Amino acid sequence: MKAVVLVGGEGTRLRPLTYDLPKPMVPICGKPFAQYQMELIKKHGINEVIFSLGYKWNSFEDYFKEGSNLGMKIHYVVEESPLGTAGAIKNVEDYIDNDAFLVFNGDILSEMDLTDIINFHKQKKSKSTIVLTPVDNPCIYGVVELDENQRIEMFTEKPKPEDVRSNQINAGLYVLEPEILNRMERGVNYSIERQIFPAMLEEGEPMYGYKYPDYWMDIGNPFKYLSANQDMLLGKMKHNPGLVNGIHKGKNVTIADGVTLEKPVWIGDDVIIKEGAKIIGPAVINKGCKIGESTTVEKALLWENTELGSGCSLNSCLVGRGCKVGDGVSIGELAVIGSGVTIEDGTCIESGGKV
Ligand code: GDD
Ligand code: MG
């Protein structure tokens, strides 16, 4: 079986971080998010992956190359302009054979049992199987209604709150039979959620929903992306023990006397933390960062090679790579600082601010 990973979106809700890296390549505890998805795919014995790309596609190829590091074969199919979630699948048709195939949204962190999902698809003789997860706020997702045999009766993408009749949403993984490709023309923009699934249901095609009960996170906005990093440390994933009782220190880390580290804290290679600094977890400080004297980093995420001056206060914020933050700067909750930004001494960046 082959897996297609949809990674062509522009990651607008994660800007300005996604001006530097496409959403699936943003780091989670030192590794690009997409690598976690690749490891899950590989764990279930699938060795051939097709990346369906557009925006900043070179970052994927630069990192994963032809896949041999992971023991996989990776193909890269690039769109000239976005073809939508279904047009992007049609665009990789040359790599699909007569077997069912998997399609992943490229921004979902989960521990789905792909083997069980594929077996379910076959047992049900389903034409399209959608993995489902329960959420509290379904109207920002694709909402799915099932009958008592888990057959899908209705799929509504981002419905109005008054039209929501189910808390089960599209979790961003499908098993598809290849004939779905006959529903589309090459080079035309189609949405699988708004056009293809509703049309298949209208025509009575058998589609089933597989209920996935465990950890699930769409990393598409600053809150959720920060939460995914923190959840990883807090051990919220079943197969990942996290760092609940600990502090991860990479190689060549220098921590001065009188530094407070409140677990869980993840510190990458070559990080320098100066006297009197406080790192309050769950916090992630990627490699090469420098934290100045008496600076507090609380529940925040710093990408690589960012330098913070002295006496700064960072609270639950996200800072890109290679930033230079002056002395006495404060950065509020869920503020997002893009890569390469310089912030002058004494600046106050309010909660939710974007720089
Ligand atoms: N190649 C390609 N081309 N990929 C695309 C395109 C495109 O034109 N448009 C979107 N994608 C990719 C994105 O990169 C992302 O990985 C995935 O398709 C889904 O797009 P998002 O923009 O993240 O959609 P969403 O989060 O609003 O909604 C989708 O995911 C939800 C689960 O998180 C839908 O599938 C919902 O139904 C679902 O509930
Ligand atoms: Mg998404």
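Numbers below:
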quantity	calculated
Segment 108-145, subset among the acidic types (Asp, Glu) and under 18 Å from the mean Cα position of the chain (by Cα), residue nearest to ligand 1 (Cβ to nearest atom)	Glu111
Options Asn105, Asn98: the member that is under 22 Å from His44 (Cα atoms), within 10 Å of ligand 1 (Cβ to nearest atom) and of a type in the set (S, T, N, Q)	Asn105
Condition broken by Ile169, with the remaining ones in (1) away from ligand 2 (no atom under 16 Å from the Cβ); (2) in a strand (DSSP E or B); (3) of a type in the set (A, V, I, L, M, F, W, C) satisfied	(1)
Residue list for segment 80-95, restricted to those being in a helix (DSSP H, G or I) and near ligand 1 (Cβ under 8 Å from one of its atoms)	Gly84, Thr85, Gly87, Ala88
Unmet requirement for Ile169, which otherwise passes all of (1) loosely packed, with under 15 Cβ neighbours inside 10 Å; (2) modelled with pLDDT of 95 or more; (3) more than 18 Å from Ala88 (Cα to Cα)	(1)
Count of residues meeting criterion [modelled with pLDDT of 95 or more, not in a helix (DSSP H, G or I) and not basic (Lys, Arg)] in segment 186-212	13
Hits in segment 20-42 (condition: in contact (Cβ under 8 Å) with a residue 40 or more places away in the chain and over 21 Å from Lys287 (Cβ atoms))	Gln37, Leu40, Ile41
Residue among Asp107, Asp94 that alone is touching a residue at least 24 places away in the same chain (Cβ under 8 Å) and charged (D, E, K, R)	Asp107
Residue under evaluation Met232, criteria (1) in contact with an Asp or Glu (Cβ under 8 Å, 6 or more places away or on another chain); (2) in contact (Cβ under 8 Å) with a residue 60 or more places away in the chain; (3) not hydroxyl-bearing (Ser, Thr, Tyr), criterion not met	(1)
Residues of segment 209-263 classified as within 30 Å of Ser128 (Cβ to Cβ), among the polar types (S, T, N, Q) and touching a strand residue (DSSP E or B) at 6+ places or on another chain (Cβ under 7 Å), total	1
Count of segment 227-257 residues which are in a loop (DSSP other than H, G, I, E, B), at pLDDT 85 or above and not basic (Lys, Arg)	8
Selection from segment 172-189 of residues that are crowded, with 20+ Cβ neighbours inside 10 Å and not small (Gly, Ala, Ser)	Leu173, Tyr174, Val175, Leu176, Ile180, Met184
Among residues of segment 40-64, those that are over 24 Å from Glu10 (Cβ atoms) and exposed (fewer than 15 other Cβ atoms within 10 Å of the Cβ), counted	2
Hey, Ile50 modelled with pLDDT of 95 or more, among the β-branched types (Val, Ile, Thr) and more than 13 Å from ligand 1 (Cβ to nearest atom) or not	no
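The values are calculated or read from the model by the stated rules, or taken from the named source; none is laboratory data. What you see is a predicted model; the values in this text were computed from it and never measured. Note that each Cβ is placed from the backbone with ideal geometry, even for glycine, and that neighbours are counted across all protein chains shown.
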